[in-house]
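Following: one structure in structure tokens, then a few remarks.
The values are calculated or read from the model by the stated rules, or taken from the named source; none is laboratory data. The shown structure was predicted, so the numbers you read here are calculated from the model rather than taken from an experiment. Methodologically, a virtual Cβ is constructed for each residue, glycine included, from the backbone with ideal geometry; neighbour enumeration extends over all protein chains shown. To get the accessible areas, we keep the full protein, side chains included, count just its heavy atoms, and leave off ligands, DNA and RNA. Shrake-Rupley method; radii C 1.70, N 1.55, O 1.52, S 1.80 Å.
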Amino acid sequence: MKRLLYIFIFLNSVSGVSGQGNRQAAIPLSPYDSVLLSSLPEMAMPAFLKSTDLPYKLDNSKLPYFREIYEQLSSECSQVSAIAYNFTYEMCRLRDVSAGDPENQFPTHFTYNFMNGGNGWHGVSYFHSFEILRTLGCPTVAAYGGMAAGGDSRWMSSYDNYFSAMRYRINSAYQIKVGTAEGLSVLKHWLHNHLEGAVVGGVASFYANAPWNTQLLSGGTPEGGKHVIVRWGGIPAHAMTIVGYNDSIRYDYNQDGKYTNHLDINSDGTVDMRDWEIGGLLFADGWGGGIDFGDSGRCYMMYKTLAEKCWMGGIWNNAVHVLDVKEPSTPKLTAKITITHTNRSLLRVRCGVSDNPSGSIPQYCMSFPVFNYQGGNHYMQGGTSDEEKTIEFGLDISPLTGHIGPDGNTRFFLVIDERDTNNLGQGMVTGFSVTDHTGPVKEFGFSDSAIMINDNATTYIPINFLPPINNLSVSSRYMPPAVVGENYSFQLQSEGGTPPYCWHLLPAYEEEESIAAVNSGGVFLTPGDWLYGNIMYPLPFSFPYYGNNYDTIYIHPDGFVMFDDTQNPWPYLYDEQLFIRKNKCIAPFATQLLSIDTALAQGIWVKENPDGISIRWEAGIYDNFYSPVITFELILEPGGEIRFIYGDKIETQRIHSSCGISNGDDLSYHFPVLEDRMIIEEASAVSFRPAPVPDGLVLDEQGLYTGIPTTYYDEIDLHFCVEDANKLKAFKTLKFSSTDLEVAEYPGPTDNFYVAYPNPFRNKLHIKILAGGEMPVSCKIYSGTGRLVKKLAERQYRAGGDVMIWDGSDDSGQTCKAGMYIIQLQYGDNIRARKIILSP
């Protein structure tokens, strides 16, 4: 079966969703959106609210925080719901200001224009807009110049406007599962009291089909004569905003002349919300004439539609989505960038950092949901004039502070990736600076010279810069060794930032590239649907992945594997890296353009063997300009090793694609080196081997690492992350060891046996015996795991006279790594052991 890529081209603005007039087809909510939206964290009901009484009806659109209803201009319904209505309302509510002022409203097209293909040819998931709200913010309508100033192609220029946008952001987006009475109660409390007992509640966004099939509530019933949706029709194609509810409206679904919530009207043997005929939500819309739709732009929807499956008349994923907005604040670090280029779709802008002030490339880079091979074949601002070739913008690079070293100078980088094999564009960087806002504003950089952007390559532009004063960091420098089978407790420490803090232990994978051939043969698999289907496959072994074990995987026709079933797993991708980071998956080759035609012997094969399981895709890339047939393979091994093998050359610079592995938390993920190459060569292979993580030990959110180790470890790397109240993160890798050697701690100067000083030491450690008499002394140095490092002495020593000196080298003369060591000194029948620290 041929899998088709549907391209929707809007010749006019989307309009006409009222009871009259023509209606233009809306773009369906993509399965990619489904997967992403279903991965949002879920809102729960606080215990103290469970017994709170609620009014029987509520309409938050009458509050001054809700802006006036208006008609959307093109296909930006997601942004109308999530930005113009939802985000504007929540920011105005937070600041207690009126949404009637353009200074307090937020435009649709700032976020919409980055991902709409450059000309507004398709809709954009509000999930991607949430990422922009979280990482970059949104300017006001006044700063942007209007709701859609400049149309569907414009990218805003002006660092000051981008900087002002950074004040208005979200901490996160959440979902509320509303398919049950309990979930509906959570939503109603959100609408009434913001799930915090507040006087004013919130609003919510959701996806369903466009509301073209409104009906009227019966006369003589509450709200009789007003518009209502009793069943959503077709595929999810439209986003709207829930502004209230009314427990008294009613619709006679089974036409028995009664209105009930306690009868099994659908005859499925269970009475639940799908049988309810009383009660509904109130939503606002920006489609179909805006104010002319429904009742002045508002309409009811019955509670029953929240519980039904999408294809049975329900809303998408039986969930709505709400925003946790941030108090307006100033970021710690910003980058000011000026770029001139003739084709913005060829560029990706990143920022990086290195603790080496003379380094030529960054040690860590961060990407953004904007300026990421987006915007179509346009000049940087989207127009055609020479002035619009140049754009000036700002980025919040505060997350890079978590990768700054504790002392010394820091080097920041602007990283420009150009993918331009056909030499379609050219440009330069005419300005780059980094500004510290943590105290007196300090700006470092240049703005009076031009640096050409390397053609079809990566350009690195460095700036040396002192780190901010209150930089969040992990201050712990080493971990004491654990004893196998005994209780272990270690408290991680942090400095700077804004409390409270939250700690994470990040599982890691080691990457290795090689050359390999794709396997042949195997069992041919058929999904339920080649476009939207997936294949549940029981594994012949328990597969360890990011700290959990899985017995079942879900194989997607689009070149990736997940660990949960989803309604529509095919990702209509615009940002494949974001998809991988946000979803627990293994993706050897994720792209919206993958197409499988079984008539051409293409498909998916699985082959089991004693060493693991092989999953092979043979598919075409469905694109007007690049349409090769490719083969690639995923291998999973019982020990947790993962391999990607590519049987054909793939010119990845010509299409949007990505590959990698992820825990789905936007924190633990790994993109291989070849993911960023413009060409994946035939027979390329990459392996991911899970790095060891101690069994029996756990890290709580307060940074306490405790438990009873069960296995011997010799200086393994553990990767820790601390996150502060502003969602800034700092990272640290520490060595961990577990040993069978029992270590007794003694206070150095008061110990009448011996002293070791200084501790910590850098060049020389002095060990002086205090006990009286003269007898054989044996002194040995062990690593934290109990491995013998150095035999320092084994001879007669005179008490109070001789001093042993360790210079930090091992028995072979090599300098030992910085870290924790153990002195074991035997003096006659006495044995003492003490921990010492060798400083870097």
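Using a 1.4 Å probe and counting only protein heavy atoms, arrange GLU182, GLU103 so the residue with the most accessible area comes first. Spell out each step's value before the answer.
Numbers: GLU182 130, GLU103 100 Å².
Order by accessible area, largest first: GLU182, GLU103.
Just want the answer: with Cβ charges of +1 for Lys and Arg and -1 for Asp and Glu, which residue in HIS378, TYR65, PHE110 is farthest toward the dipole's positive end in the chain?
Result: TYR65, furthest along the dipole toward the positive end.
Please report the spacing between the Cα centers of segment 371-412 and segment 630-686 in Å, no decimals.
27 Å
So what does LYS835 come to for accessible area, using a 1.4 Å probe and Å² rounded to 10?
Accessible area, nearest 10 Å²: 60 Å².
Give me the percent of the accessible area of segment 146-246 that comes from carbon and sulfur atoms, probe 1.4 Å, all protein chains in place. Before the final figure, lay out each step's value.
Working: 1600 of 3140 Å².
After summing per-atom areas, the C and S share lands at 51 percent.
How do the peptides 509-521, 591-603 rank, highest first, by the average count of neighbouring beta carbon atoms within 10 Å per residue? Display every interim value, and only then the final one.
Details: 509-521: 13.5, 591-603: 17.9.
Output ranking for 509-521, 591-603: 591-603, 509-521.
Would you kindly state how much longer the chain becomes between LEU94 and PHE731 on full extension, computed as 0.36 nm times their sequence separation minus their alpha carbon distance, in nm to one decimal?
On the way: separation 637, 0.36 × 637 = 229.32 nm, distance 3.18 nm.
That works out to 226.1 nm of additional length.
Which cross-chain or sequence-distant (5 or more) residues have an amide H under 5 Å from the amide H of GLY425, H modelled 1.01 Å from N in plane?
Result for GLY425 returns nothing.
For segment 105-195, just say rounded, prolate or oblate: build the C-alpha gyration tensor, square-root its eigenvalues into a ≥ b ≥ c, call rounded for a/c under 1.5, and beyond that prolate if a/b exceeds b/c, oblate if not.
Numbers: a/c = 2.75, a/b = 1.84, b/c = 1.50.
Cα axes put segment 105-195 in the prolate bin.
SER475 to GLU774: FRET efficiency via 1/(1 + (r/R0)^6), r the Cβ-Cβ distance, R0 45 Å, to the nearest 0.05?
On the way: r = 45 Å, r/R0 = 0.99.
E(calc), rounded to 0.05, equals 0.50.
When all protein chains stay in place, what accessible area (Å², nearest 10, 1.4 Å probe) is found for ASP324?
50 Å²
Got the relative contact order for the chain handy, in percent, Cα pairs under 8 Å and 6 or more residues apart? Walk me through the numbers before you get to the answer.
Values: 2138 pairs, mean separation 87.5, N = 840.
It rounds to 10 percent for the chain.
Quickly work out the TYR757-to-GLN796 label distance, labels modelled 7 Å from Cα along the C-beta direction, and quote it in nm with one decimal.
That separation, rounded to one decimal, is 2.8 nm.
Report the paramagnetic label zone for VAL441: residues of segment 148-169 whose backbone N is under 15 Å from a point 7 Å from Cα along the Cα-to-Cβ axis.
Only 158-167 pass the distance filter.
I'd like the Karplus ³J(HN,Hα) series for segment 576-582: coefficients 6.51, -1.76, 1.60, θ = phi - 60°, whole numbers in Hz, and an x wherever there's a Gly or Pro.
5, 5, 4, 4, 5, 4, 8
Give me the distance between the Cα centres of segment 477-529 and segment 62-140, rounded to whole Å.
First find each Cα centre; the distance between them is then 37 Å.
Taking 27 Å as the cut-off for C-alpha to C-alpha distance, list the pairs among LYS442/LYS817; LYS332/LYS582; LYS727/LYS817; LYS332/LYS735; LYS50/LYS226 that go past it. Spell out each step's value before the answer.
Details: LYS442/LYS817 37 Å; LYS332/LYS582 25 Å; LYS727/LYS817 33 Å; LYS332/LYS735 30 Å; LYS50/LYS226 31 Å.
As for pairs spanning more than 27 Å Cα to Cα, those are LYS442/LYS817; LYS727/LYS817; LYS332/LYS735; LYS50/LYS226.
Please give the FRET efficiency for SER812 paired with ASP717, using the beta carbon to beta carbon distance and R0 = 22 Å, rounded to the nearest 0.05. Don't skip to the end; give the middle numbers.
Details: r = 23 Å, r/R0 = 1.06.
The pair SER812/ASP717 has a calculated efficiency of 0.40.
Using a Förster radius of 30 Å, what is the FRET efficiency between ASN213 and SER385 based on their Cβ-Cβ separation? Nearest 0.05, please. Spell out each step's value before the answer.
Numbers: r = 45 Å, r/R0 = 1.51.
Computed FRET efficiency for ASN213 and SER385: 0.10.
Explain nothing, just compute: Karplus ³J(HN,Hα) = 6.51 cos²θ - 1.76 cosθ + 1.60, θ = phi - 60°, for every residue of segment 344-352 in order, whole Hz, x for Gly and Pro.
5, 5, 8, 10, 10, 10, 10, 10, x
Show me 268-274, 65-71 ranked by packing, highest mean number of other Cβ atoms within 10 Å first.
Numbers: 268-274: 14.1, 65-71: 19.9.
Highest-to-lowest ranking by the protection proxy: 65-71, 268-274.
Rounded to the nearest 10 degrees, what's the angle between the helix 181-193 long axis and the longest principal axis of the chain, both from Cα atoms, 0 to 90?
Computed tilt is about 90 degrees.
Hey, what do the phi angles of segment 132-148 turn into as Karplus ³J(HN,Hα) couplings, whole Hz, using 6.51/-1.76/1.60 and θ = phi - 60°, x for Gly and Pro?
5, 4, 6, 9, 10, x, 9, x, 6, 4, 5, 5, 6, x, x, 5, 9
Hey, rough spin-label estimate for MET452 and LEU263, points 7 angstrom out along Cα→Cβ, what's it come to in nanometres?
Spacing of the two 7 Å Cα→Cβ label points: 8.0 nm.
Which order do MET43, MET820 take by accessible area at a 1.4 Å probe, largest first? Show your work: numbers first, answer last.
Values: MET43 40, MET820 15 Å².
Accessible-area ranking of MET43, MET820, largest first: MET43, MET820.
Just going by the charge dipole of the chain, with Lys and Arg at +1 and Asp and Glu at -1 on Cβ, which of MET45, GLY269, LEU414 is farthest out on the positive end?
LEU414
Mind grabbing the accessible area of LEU424 for me, 1.4 Å probe, Å², rounded to tens?
The value for LEU424 is about 110 Å².
Using amide H atoms built in the peptide plane, which far-off residues or other-chain residues are under 5 Å from ILE553 H to H?
TYR537, LEU539
How do HIS109, HIS403, HIS122 rank by accessible surface area computed with a 1.4 Å probe, from largest to smallest? Walk me through the intermediate numbers first.
Numbers: HIS109 0, HIS403 45, HIS122 25 Å².
Largest accessible area first, the residues go HIS403, HIS122, HIS109.
Give me the aspartates and glutamates in straight-line cross-link reach of LYS790: C-alpha distance below 14 Å, same-chain residues under 8 apart excluded.
Within reach: ASP807, ASP810, ASP811.
Report the full-extension gain for the segment VAL271 to TRP311: residue separation times 0.36 nm, less the Cα-Cα distance, to one decimal in nm. Before the final figure, lay out the partial values.
Details: separation 40, 0.36 × 40 = 14.40 nm, distance 2.00 nm.
Full extension from VAL271 to TRP311 adds 12.4 nm.
Give the peptides 223-229, 256-262, 163-169 in descending order of average Cβ contacts within 10 Å, highest first. Each step should come with its number before you reach the end.
Working: 223-229: 18.3, 256-262: 13.0, 163-169: 21.3.
Order by mean packing, descending: 163-169, 223-229, 256-262.
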